[in-house]
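The values are calculated or read from the model by the stated rules, or taken from the named source; none is laboratory data. Note that this is a predicted model, so its numbers are computed, not measured. Counting neighbours? That spans all protein chains shown, and the Cβs are built from the backbone with ideal geometry, glycine included. All accessible areas refer to the heavy atoms of the entire protein, side chains included, with ligands and DNA or RNA removed. Shrake-Rupley method; radii C 1.70, N 1.55, O 1.52, S 1.80 Å.
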Amino acid sequence: MLTGTQSVVPALPAMQGALSLTEAQIGLFMGAYFLPSIFLALPAGMLADRFGRRAVFTAGLVVFGLCGLAMTLWHDSFTFLLVARAIQGAGFAAVLPLTMTLIADARAGGDQVKGQSHRSVAMKVGETLGPAAGGALVLIAWFAPLALQILALPLAALSWRQVPRGRTTGNTIGRSFGVLFNQFKSLRFVRLQSVGFFRFFFKFGFLTFMPMLAVEAGLLTILETGIVLTASAGSALIIAAAMTRTTLKRPSSLLLGANLVFVGLSLIAIGVAHSTWLLIAGSIGFGLADSAASIIYSAIITQAVEDDMRATFVAANGAIRNLGKFAAPIVLGLILLAWPMSTTFVVLGGSAVMVGLSARTLREFDKFDVGRAG
């Protein structure tokens, strides 16, 4: 799934030149991929609960792969590319949350955390290798990185044979909406889902504006900023790999809160950094804490409801997380109109600390025992 983003990014300058696009059109090309995931992740999850995991998972992969094939073959029309990207985003919305759901269907207790850790490792490897693969392929042609997305088609054939069909509920979409609405009437579920929003708000705030802060403050060059981001992603990969072999001994809400507090302290360190080393330390600390928080949160969210509503609930969380990705650059961009970059990072970090401290209110979800051995 990450070939839809990380592998495409290196091709954007070449695409802009080949099709004579403006910066706004390039932004639209990327936005066309993410926007559908905000609205379509939830219906996809409901369909997975209604008709089974395998059907929706495989269909999402087929849509994703066919759109990649179409864009590779018919790459001269920007309008066609936009339409294909939007349809592809629907496939992305269906598949990615279901990877979390399928792990939760198959594992419980300490194995649930380890399973989500394996998923996180795969994501981090994709985030690391995707840009390198895309950058190599763009030397052939600007649209060559799009061909990587065709690999979803053989994966779809494999998933139809290997992915369990999953228990179906027989629920109509309307009834699933009703059950989900009743869950969100409970403050505890609102708190749980809001943590997902804020985690991605903090992450995409960091990814978007840390390079700008580093260059504006004269602490790093553009090239050095890329190296620091790679080091941050590498630290996230290390912690994810370590957690594949670790059974957590403390309540999940406590560990989640502690890591979010560390995320906040890292952001504050970046904001007040007057030396390159403090900026680097804050960025690496952010990668470590955010990766651990992501794995623990994934384990909690997938065990928070009964099996017959899991895909729906996780998909709703996916939509909320995508909203956090979408909102962070916009909201923080508006704040930067009034405050300097350093102050904005301190405020962002303070907000993360507050969210982390409030995570102990999620202790009622510790009863699902996702963080300890089953």
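Could you name the lysines in cross-link range of residue 325, using Cα to Cα under 24 Å and dropping any fewer than eight places away on the same chain? Here the lysines satisfying the reach criterion relative to residue 325 are 124, 203.
Calculated [222 nm] ellipticity per residue, helices only, for the chain: -26500 deg cm²/dmol; basis is -39500 (n - 2.57) per DSSP H run with n ≥ 4, divided by all residues, nearest 500.
In a DSSP loop and with at most 16 other Cβ atoms within 10 Å, the trypsin sites (Lys or Arg not before Pro) in the range 237-323 are 245, 249. Solvent-accessible area assigned to carbon and sulfur over the chain amounts to 70 percent, based on a 1.4 Å probe. Normalised by the number of residues in the chain, the average gap of Cα pairs under 8 Å and 6 or more apart makes the relative contact order 28 percent. Peptides 11-20, 49-58, ordered by how many other C-beta atoms sit within 10 Å of their residues on average, highest first, read 49-58, 11-20. Using only side-chain charges placed at the Cβ, +1 for Lys and Arg and -1 for Asp and Glu, the dipole size of the chain relative to its Cα centre rounds to 1160 debye. Its alpha carbons give the chain an Rg and a Dmax of 20.4, 59 Å. The 3J(HN,Hα) values that the Karplus relation (6.51, -1.76, 1.60; θ = phi - 60°) gives for the range 67-82 are, in residue order, 5, x, 5, 4, 5, 5, 7, 10, 9, 8, 9, 5, 4, 4, 4, 4 Hz. Gly and Pro appear as x. Along the positive direction of the dipole of the chain (beta-carbon charges: Lys, Arg +1; Asp, Glu -1; about the Cα centre), which of 128, 276, 81 reaches farthest? Positive-most Cα among the choices belongs to 128. At each listed q (0.13 Å⁻¹), what is the log10 of I(q)/I(0) that the Debye formula gives for the range 245-362 modelled as equal alpha-carbon point scatterers? Cα-only, vacuum Debye calculation for the range 245-362: -0.60. Once you sort the root eigenvalues of the Cα gyration tensor of the range 50-103 as a ≥ b ≥ c, which label holds: rounded (a/c under 1.5), prolate (a/b larger than b/c) or oblate (the other case)? It is prolate, given that a/c is not under 1.5 and a/b is the larger ratio. A simple spin-label model places the labels of residue 224 and residue 153 4.7 nm from each other, with each point 7 Å out along Cα-to-Cβ. The listed peptides 296-306, 26-36, ordered by packing as a protection proxy, come out as 296-306, 26-36 (highest mean of other Cβ atoms within 10 Å first).
Just the number please: accessible area per residue for the range 5-116, 1.4 Å probe, all protein chains included, in Å².
On the way: 4200 Å² over 112 residues.
Result: 37 Å² per residue.
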